[in-house]
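The block underneath contains the structure these notes are about, expressed in structure tokens.
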Amino acid sequence: MESRRGGEPVSARAYRNHPAWWAFLVHRVSGIALALFLPAHFLALGTALEGGARLDRFLAWTNQPLVIAAEWGLVILLAAHLAGGLRLLALELLPWREWQKTLAAVAAGFALAAGLAFALAR
């Protein structure tokens, strides 16, 4: 698919280098990953219903390095999805300004800062 922009043809792949496209992609992928995580989260919550001993075993299992790394990734996904959602709300509800082009970078920085804070607090 080609369209004209300033008199020159622009391919569909050229749009994939735009920060807004990457912000869309991160928001979409993080949302799908969080939706896939929900059944595991409900399973973990269900262990509390089976008694304190079962929950204690599960919590001891979560101290493994791979699980801790997965938690860090989950916090990054949550922060990225939150920041991307706030960015979309700003685009929808606020009048367009030039500074809104930087919202994608701010969203990415927020997500990484939240993940770093979580990793350092652990």
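A short reminder: the numbers here are calculations on the coordinates, not readings from a lab. Worth saying up front: this structure is predicted, and the values here are computed from it rather than measured. Cβ sites come from the backbone with ideal geometry, for glycine too, and all protein chains shown count toward neighbours.
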Checklist entry - Can you run phi through the Karplus equation (6.51, -1.76, 1.60; θ = phi - 60°) for region 66-73 and list ³J(HN,Hα) in whole Hz, with x for Gly and Pro? => result 5, 5, 4, 5, 5, 4, 4, x
Checklist entry - Of the GluC sites (Glu not before Pro) in region 45-94, which ones lie in a loop per DSSP and count no more than 15 other C-beta atoms within 10 Å? => result E50
Checklist entry - Any idea what angle helix 52-61 forms with the longest principal axis of the chain, computed on alpha-carbon atoms, 0 to 90 degrees, nearest 10? => result 50 degrees
Checklist entry - Summing -39500 (n - 2.57) over the DSSP H runs of n ≥ 4 in the chain and dividing by its residue number, what mean residue ellipticity at 222 nm do you reach, to the nearest 500 deg cm²/dmol? => result -25500 deg cm²/dmol
Checklist outcome for this item: Taking Cα atoms only, helix 103-121 is inclined relative to the longest principal axis of the chain by an angle, in degrees rounded to 10, of 20 degrees
Checklist outcome for this item: Which of [x] 10.7; [y] 8.4; [z] 7.6 is the computed mean projected area of the Cα convex hull in nm²? It is [x]
Checklist entry - So what's the angle, to the nearest 10 degrees on a 0 to 90 scale, between helix 19-49 and the longest Cα principal axis of the chain? => result 10 degrees
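Take every Cα pair under 8 Å in the chain that's 6+ residues apart, average their separations, divide by the length, and report that relative contact order as a whole percent.
Working: 77 pairs, mean separation 34.9, N = 122.
29 percent.
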